[in-house]
Amino acid sequence: MITVVFNQKGGVGKSTISTNLAAQSAKLGFKTLLVDLDVQGNSTHYVGFDANEKSLTVADMFKQVVGIFRTAKKPAEFVHPTPFENLFVMPSSPALADVERELESRYKIFKLKDALRELKGEFDYIFIDTPPNFNFYSKAALIAADGFCVPFDCDDFSAQAIIRLLDNAMELKEDHNPQLRLFGIVINQFNSQAKLPRELVDKLKQQDLPVLDSYVSATVKVKESHSKRMPLPFYSPKHKVTGQFAALFEALNTYKA
């Protein structure tokens, strides 16, 4: 199953959620791929992967279809093991920014779907981290995916942007990926003791938006795991938030065919 973690707003936890879901999948024994389409490369860093000049990245995969001297490397050649068992990454690169315009002008929007279709049989789960805007890479991810989830960080600006985000995704579904499903909205950085987060979540539910029951609480433990470059299922397997990510993975797993 290919799952995209998508939001047009930055700082809502896309990289944290996609990486920890992938780590939870791997911890359970599933062969799992994390695809990092964000030029910042936070997910790539989080799983402890350090690229060198010989490392093939997701940017190299895209570049090979627009360059003058085109190559025909297999998608698997852009996948690398991480320090964690069963967890693999297709790493990000700053070069994603350089090649985006050419990819868009040549309408290579389906190239990621083609690559992941080849890889889907090799992995039990594929998670895609996306950039914080509705650009070429986010669209390519949604076209390639079985479904997507939307992080919501209990902020009023995020609440205002949800409808527009879903409209964009549903328009893309209609035009390019009829099988795309909205798995749900992931409540992130939730503080049950504060009034505003509860009010904002209630407002989403009143709009009949699919809020997933598995909330992710605010905790410094997430930042600690970032600094250690160890996703929570490996860094702190018994922590409450690790359990919340496990519950979230199980909720998403119900959509697997």
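Listing for the model above:
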read-out	value
Qualifying positions in region 162-206 - surrounded by fewer than 16 Cβ atoms within 10 Å (Cβ to Cβ), assigned to a loop (DSSP other than H, G, I, E, B), at pLDDT 90 or above and of a type in the set (S, T, N, Q)	Q179
Qualifying residue in region 71-79 (condition: in contact with an Asp or Glu (Cβ under 7 Å, 6 or more places away or on another chain), hydrophobic (A, V, I, L, M, F, W, C) and crowded, with 21+ Cβ neighbours inside 10 Å)	yes
So T16, is it out of contact with any Asp or Glu (no Cβ under 6 Å at 6 or more places or on another chain), in a helix (DSSP H, G or I), surrounded by 24 or more Cβ atoms within 10 Å (Cβ to Cβ) and modelled with pLDDT of 95 or more	yes
Residues of region 136-161 satisfying the condition of being within 21 Å of P197 (Cβ to Cβ), under 18 Å from the mean Cα position of the chain (by Cα) and not in a helix (DSSP H, G or I)	C149, V150, P151, F152, D153
Residue in region 40-56 that is over 14 Å from the mean Cα position of the chain (by Cα), modelled with pLDDT under 95, of a type outside the set (A, V, I, L, M) and not in a loop (DSSP other than H, G, I, E, B) present	no
When residues of region 102-112 are limited to those that are more than 20 Å from T19 (Cα to Cα) and not in a loop (DSSP other than H, G, I, E, B), the one nearest to the chain's Cα centre (by Cα)	K111
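This table checks each residue for (1) among the small types (G, A, S); (2) buried (at least 22 other Cβ atoms within 10 Å of the Cβ).
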site: T44; (1), (2): no, yes
site: G48; (1), (2): yes, no
site: E53; (1), (2): no, no
site: P83; (1), (2): no, no
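The values are calculated or read from the model by the stated rules, or taken from the named source; none is laboratory data. Note that the structure is predicted; figures quoted are calculated from it, not measured. All Cβ positions, glycine included, derive from the backbone under ideal geometry; neighbour counts span all protein chains shown.
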